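Here the structure is laid out as structure tokens; the discussion comes afterwards.
Read-outs throughout are calculated quantities, based only on the coordinates presented, and are distinct from any laboratory measurement. Note that this is a predicted model, so its numbers are computed, not measured. For neighbour counting, all protein chains shown are included, and Cβ atoms are generated from backbone atoms with ideal geometry for every residue, glycine included.
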Amino acid sequence: MLSPYRVLDLTRSRGHLCGQILGDLGADVVQVEPPGGAPTRRRGPYVDDVPHPDRSLEWWAVSRNKRGVTLDLERARGRELLRRMVATADFLIESETPGIQAARGLDYDALAAVNPRLVYVSITPFGQTGPKATWADSDLVLLAAGGPLRLAGDEDRAPLRVGVPQAYAHAAAEAAGAALVAHHERARSGRGQHVDVSAQQAVTLATQSYLLSSAIGFPDARRISGGVGMGPLSVRFVHPASDGHVSITFLFGSSVGPFTRRLMHWIADEGGCDAATRDKDWIRFFDQMFSGEESFAEVVRVQALVAAFTRTKTKAELLRAAVERDLLIAPVATTREVVESAQLAARDYWRELDHPELGRTVRYPGPFARASATPLRHRRRPPTVGEHNREILGGELGLDDADLARLAAEGVI
Amino acid sequence: MSEAALADVKVLDLMWAIAGPAATRMLADYGATVVRVESTTRTDICRTVAPFHELPPEPESAVVFHNMNAGKRMITLDLATPAGREVLLDLVRWADVVTEAYSAGTMRTLGFDYEALRAVNPSLIMLSTCLMGQTGPLASYAGFGNLAHSITGFGALCGWPDRAPAGPFGAYTDYIAPRFSAAAILAALDHRRRTGEGQHIDLAQAEAAIHFLGPAMLDYTVNGRVWAAAGNADRDAVPHGVYPAAGDDRWVAIAVRDDAEFAALAAVLGDPALTRDPRFATAEARHAHVEALDAVVAAWTTARDPHEAEAALQAAGVPAAVVAGSADLCADPQLVHREHVRWLTHPTYGTTPVENARSRLSRTPAAVAGAAPTLGRDNHEVLEAILGYDADRITDLVAAGALG
């Protein structure tokens, strides 16, 4: 979809996923790294646990469909080469702490002077300006600062994050959409602009609007293990299976109540609850709790029955029943189970990319969408350090072998 | 003042809940005309999701609904009536983009699959988004984001090693998929602008969300290793965790990534000698003695107000933040600076708060055009101003029960 366009990706660690999304959509993405490679390459896990910049799986996860050049932007010569690349680029993505690109003469205003059509995307912890704009950050810190952290975890322990960093994934994916908004406008006006994305703001979506609760005088959600506490109501989603856990949407109302009713019929059929429990009005159960006709404690009692029932079944049995009986149950899957999922296999989701330098092929997460006219493709494995220096700096910027050798000797590339 | 970035984009939005409407909310923020279709008999589930303006909740009191649908237009249609279906097809003719988030197969059952809609609008872009995608053995599997985050691996990676899986919070994949949906729609619009060609996009929430777990997935496909839940531990940073602060259920998140940050932390803790303690002198040693180290940090945080702790640590350059609840977030000076909470005029509640766009464009900034539509609010506007129906035709539609 985006094959006519060139993206310069200057992100060092924050926000690599933005360029990968644009690359998946067909754009030519050139990752610009410092000599020696982006810092992300020095984070594990590594292929066969051998630390090496070309074997970092954290890097691989966000760098396919990109070409790679090394360029030292701390040096005038590196900046000059970058400006030449900017002249013909459509997008530039960067993720430095505010102020750093300006000090280099590579901020939006400076590069818009080179290329007024440039869409310049900045992905930062807290945004370009404001009292916290230069605060120190990390995944955990941003999830705390943006709200979702407080809502997850066990009630008797500290709040919990997901064990794979999430904050910059949210910010980078948000930035990809925002970049394309600016791109759409450019088609009319012929002018680029600066896109400023805050990771703190991006993760607030994951509070499911509880960010706004105090503004309207509503109590915060409470974290309860594998569920959510809302005022006097505690809703458990995670239940035990005989070989792990499952998630069940055990809720009420016109949309979800019918699923709960079918679940309770199944449990009753197998002797897990009495007819009176089975036949409660699961559609109107919320209203009945507010009117006092049913108690909040009753939800806790029935959830315990559900847990006692699911504990006797395997995850696969519960998933099969969910499909056959139209229930809201899903296994809490391990990464192995996700990779080996029959659903994803049927959709040919996992895609192999050849890594000739390692003599192996690797299965990657597949296209994030199926587009009928312009399918998303995995065109390239992640680049090795400086892999496309000759192709891009030589072939496209016209440097000859002697120039390249000199730049390498000087440490510019 | 420039025209809104997406002022020329017309979206017919048949989505509901969060994952779909959050994507079209972003388009609306940048000026797209988004017309949602809702039915009075099967209203949006977001109307039943907390937090609420009042209890017991009623259909207009759910702030999630306001937040996902601000700036959109809405028409209520009964698609079981022939007249209602005709209106829908006229909206398809009007639209550049149709979005839907029904269970796979539902649009076909309704007679509104991509082939049918393309017949009335040949260059249409249609985005279908559901949990598992439009094909495959689980295609018809219904569900919400809490199920999708479980089936895609997030649940197993959010918990304590000695406990059952604990999270993540809520319908987690619903907060991931809309970003991918918005990007896919905008890229498809670009392709159509250049070629005239529309297309159908099948976006499975699960397949998009897996991209947020890339390193764990690759560690299995490459090394055969399955990650387990590890609390808040980090592979690199140490200390790294959420520490108790003074007050009821108050916490501070702290992440120390290198020796320099550890020295800064030690200074803030008033014990610079920690960096010379052989248990803590290197990152490797700190990982090996993490329980003792966490106890040292917790002894300091427990005695302090979380905002005070955050300020002291950040002043020294140590990544730290209050574990923010709603009151902290609404008062956060950075989010206030970004104008993150916007108050919109609302017919029932006077005003209602929504979150702002999560990106800032320098020349064509986002603007929230108005509160989410109450049921039926825009029926006449959509029929008259957008479809150009005359008064008689509208009267007939009302009589036929099409606007239900």
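Taking the charge dipole of the stretch B:98-249 about its Cα centre, with +1 at Lys and Arg Cβ atoms and -1 at Asp and Glu Cβ atoms, the residue from B:I151, B:I125, B:Y220 reaching farthest to the positive side is B:I125. Positive end of the dipole of the protein assembly as shown (Cβ unit charges, origin at the Cα centre): among B:L335, B:A371, A:H183, the Cα lying farthest that way belongs to A:H183.
Solvent-free Debye calculation, one equal scatterer per alpha-carbon of chain A: log10 I(q)/I(0) at 0.13 Å⁻¹ equals -1.16. Partner shielding of A:343-355 amounts to 4, given as the average count of beta-carbon atoms from other chains within 10 Å of each residue beta-carbon. Under a 5 Å amide H cut-off, with hydrogens placed 1.01 Å from N, A:Y364 pairs with A:R351, A:E352, A:L353 among residues at least 5 apart or on other chains. The sum of -39500 (n - 2.57) across all DSSP H runs of n ≥ 4, divided by the residue count of the protein assembly as shown, sets its helix-only mean residue ellipticity at 222 nm to -10000 deg cm²/dmol. Extent along the principal axes, Cα only, for the stretch A:260-303: 31, 17, 14 Å, with the longest axis given first.
Shown here: the stretch B:85-205, whose C-alpha atoms stretch 57, 31, 24 Å along the first, second and third principal axes, sorted largest to smallest. When +1 charges are put on Lys and Arg Cβ atoms and -1 charges on Asp and Glu Cβ atoms, the dipole computed for the protein assembly as shown relative to its Cα centre reaches about 1140 debye. The convex hull drawn around the Cα atoms of the stretch B:7-83, when projected onto a plane and averaged over every direction, covers 5.4 nm². What is the percent of Cα-Cα separations in the stretch A:307-413 that go past 24 Å? Percent of Cα pairs beyond 24 Å in the stretch A:307-413: 57. For the pair B:D162 and B:V336, what calculated FRET efficiency results from E = 1/(1 + (r/R0)^6), where r is the Cβ-Cβ distance and R0 = 30 Å, to the nearest 0.05? So the FRET efficiency works out to roughly 0.15.
Per 0.36 nm of contour for each residue apart, how much would the distance between A:F296 and A:D48 grow if the chain were fully extended, relative to their Cα-Cα spacing?
So the chain would gain 84.1 nm between A:F296 and A:D48.
The Rg/Rh ratio of the protein assembly as shown, with Rg taken over Cα atoms and Rh as the Kirkwood radius over Cα pairs, comes to 0.96.
Annotation: lysines with alpha-carbon distance below 22 angstrom to B:K72 (same-chain offsets under eight excluded): B:K10.
Averaging the inverse of every distinct alpha carbon separation and then flipping it gives the Kirkwood radius. What is it for the stretch A:119-185, in angstrom units?
After inverting the pairwise mean of 1/r, the radius is 13.6 Å.
I want to make sure I understand the PRE zone here: with the label point 7 angstrom from the Cα of B:T81 toward its beta carbon, which residues in the stretch B:369-392 have backbone N atoms less than 11 Å away? Output list for this probe position: empty. Rounded to the nearest 20, the size of the Cβ-charge dipole of chain B about its Cα centre is 600 debye, with Lys and Arg at +1 and Asp and Glu at -1. Residue-wise HN-Hα couplings along the stretch B:248-255, as the Karplus relation 6.51 cos²θ - 1.76 cosθ + 1.60 with θ = phi - 60° gives them from phi, are 7, 6, 10, 9, 10, 8, 9, 9 Hz; Gly and Pro carry x. Max-minus-min Cα coordinates of the stretch A:151-237 on each principal axis give 55, 32, 19 Å, with the largest extent listed first. The share of C-alpha pairs in the stretch A:222-277 whose separation exceeds 18 Å stands at 46 percent. Here the simple spin-label model places points 7 Å from the Cα toward Cβ, and for B:A299 and A:A308 these points are separated by 4.7 nm. When peptides A:315-326, A:354-365, B:67-78, B:372-383 are sorted by average Cβ neighbour count within 10 Å, with the highest value leading, the order is B:67-78, B:372-383, A:315-326, A:354-365. Distance between the 7 Å Cα→Cβ label points at B:D236 and A:T129: 3.1 nm. Computed about the Cα centre, the dipole magnitude for the stretch B:110-248 is approximately 240 debye when only Lys and Arg (+1) and Asp and Glu (-1) carry charge, each at its Cβ. With each label modelled as a point 7 angstrom along the Cα→C-beta vector, the A:A275-A:D109 pair spans 7.9 nm.
Extension gain for the segment A:A76 to A:E396, taken as residue separation times 0.36 nm less the Cα-Cα distance, is 113.2 nm to one decimal. Available extension along the chain between B:E58 and B:A119 is 18.0 nm, counting 0.36 nm per residue and deducting the alpha carbon span. Here the Kirkwood formula, the inverse mean of 1/r across different C-alpha pairs, assigns chain B a hydrodynamic radius of 24.1 Å.
Shielding of peptide A:369-382 by partners, expressed as the average count of other chain Cβ atoms within 10 Å per residue Cβ, is 5. Note on chain A: dipole from Cβ charges, positive end direction compared against A:S209, A:Q288, A:A102; the farthest Cα belongs to A:A102.
Averaged over the residues of B:49-58, the number of partner chain Cβ atoms lying within 10 Å of the residue Cβ comes to 6. Calculated over the stretch B:215-255, the projected area of the Cα convex hull averaged across directions stands at 3.6 nm². Which parts of the stretch A:237-259 would a label at A:R325 reach, counting a residue when its backbone N lies under 12 Å from a point 7 Å out along Cα-to-Cβ? Zone members listed by number: A:259.
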